[in-house]
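Colleague: Supplied in structure tokens, the structure appears directly below.
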Amino acid sequence: MALEVDVREAYRYLGLRGRAPDAATERAVDEALRALEGEIDPKHVARRFDLARPEDGVLEIEGLRVKSRALYRHLDGCGGVFLMAATLGIGPDRLIARAQAAGAMARAMALQAAAAAMIEALCDSVNAHLAAEAMARGRYLRPRFSPGYGDFPLSCQPGLFRLLDVQRRIGVTLTDSCMMIPTKSVTAVVGVCEKAATRPDKCAACERRDCAFRDDRKDKP
């Protein structure tokens, strides 16, 4: 599966935050992307569910109760959601572990950043498919919002895994601390609305202004 990776995402994950990379960084990221292309095994699963609001600041999705004011605000006006999960497979983890074991920490960092940009590209591709499906029914999507953003707790991960049958469908497992293996995996909630959002940015809904991964390019009125 060919992914349209935005190399600026990799630079952002390296902490450049809009600054131009030097030649060495460009070369390292380019080499990392090429190395990862032969190692990834992209998979995803997505399902649509109705959305309920049993009380202020609380959402309910097919029995999964989510207490998150950030997500509650983000899904304002949405009557349903897509739940999605995606992964690049175990290949990137193996490449990164090999680089770390060899003491090649700069290469490991470039692989981490490139793989993060790749999973974002996979999620963007899944979102585009879901958006087309929603548009065919006269609906619009909000940007995806993942556990760990704002006050959307990681403790919701087991519920998302159950609803999507993630382990069986795409081979991703959860640790006791609700982290995913393979690590280059994502779960997310995508709102389905009758009207397009006026400020459709997940970073706008998150109150963490000091987040190292905040996308300042999108956090504008």
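Colleague: Of all residues in the range 163-198, which are assigned to a strand (DSSP E or B) and of a type in the set (A, V, I, L, M)?
Modeller: Once the filter is applied, which keeps residues that are assigned to a strand (DSSP E or B) and of a type in the set (A, V, I, L, M), the range 163-198 yields Leu174, Met180, Ile181, Val186, Ala188, Val189, Val190, Val192.
Colleague: Filter the range 163-182 down to residues that are within 29 Å of Gly57 (Cβ to Cβ) and either in contact (Cβ under 8 Å) with a residue 24 or more places away in the chain or touching a Phe, Trp or Tyr at 6+ places or on another chain (Cβ under 8 Å) (or both), then give me how many there are.
Modeller: Of the residues in the range 163-182, the ones within 29 Å of Gly57 (Cβ to Cβ) are 163-166, 172, 174-180.
Restricting the remaining residues to those that are either in contact (Cβ under 8 Å) with a residue 24 or more places away in the chain or touching a Phe, Trp or Tyr at 6+ places or on another chain (Cβ under 8 Å) (or both) gives 163-166, 172, 174, 178-180.
Residues that pass the stated criteria total 9.
Colleague: Moving on. Kindly provide the set of residues from the range 159-180 that are surrounded by 14 or more Cβ atoms within 10 Å (Cβ to Cβ) and over 18 Å from Arg47 (Cα atoms), ordered by number.
Modeller: Those that are surrounded by 14 or more Cβ atoms within 10 Å (Cβ to Cβ) and over 18 Å from Arg47 (Cα atoms): Leu174, Cys178, Met180.
Colleague: Return the total of residues in the range 54-66 being loosely packed, with under 14 Cβ neighbours inside 10 Å and of a type in the set (D, E, K, R).
Modeller: Count: 3.
Colleague: Also, I was wondering about something else. Output the number of the condition that Met135 fails; it satisfies all remaining conditions of (1) buried (at least 19 other Cβ atoms within 10 Å of the Cβ); (2) under 16 Å from Cys78 (Cα atoms); (3) not basic (Lys, Arg).
Modeller: So Met135 meets the others, but not (1).
Colleague: Another question, if that's okay. In the range 67-86, what count of residues is obtained for those that are under 25 Å from Met179 (Cβ atoms) and surrounded by 22 or more Cβ atoms within 10 Å (Cβ to Cβ)?
Modeller: 10
Colleague: So in the range 152-162, with the set limited to residues that are assigned to a helix (DSSP H, G or I) and of a type in the set (A, V, I, L, M, F, W, C), which one is farthest from Leu59 (Cα to Cα)?
Modeller: Per the criteria, the residue is Phe161.
Colleague: Hey, among the residues in the range 82-107 that are in a helix (DSSP H, G or I) and among the small types (Gly, Ala, Ser), which one's nearest to Leu141 (Cα to Cα)?
Modeller: Filtering first and then ranking leaves Gly91.
Colleague: Next question. Here is a list: Gly38, Gly15. Which entry is among the small types (Gly, Ala, Ser), loosely packed, with under 15 Cβ neighbours inside 10 Å, closer than 25 Å to Ala86 by Cα and in contact (Cβ under 8 Å) with a residue 60 or more places away in the chain?
Modeller: Matching residue, one of Gly38, Gly15: Gly15.
Each reported figure results from applying straightforward, stated rules to the coordinates on display, with no laboratory input. Computed from a predicted model, the values in this text were never measured in an experiment. Heads up, the Cβs are rebuilt from the backbone with ideal geometry, glycines too, and the neighbour counts pull from every protein chain shown.
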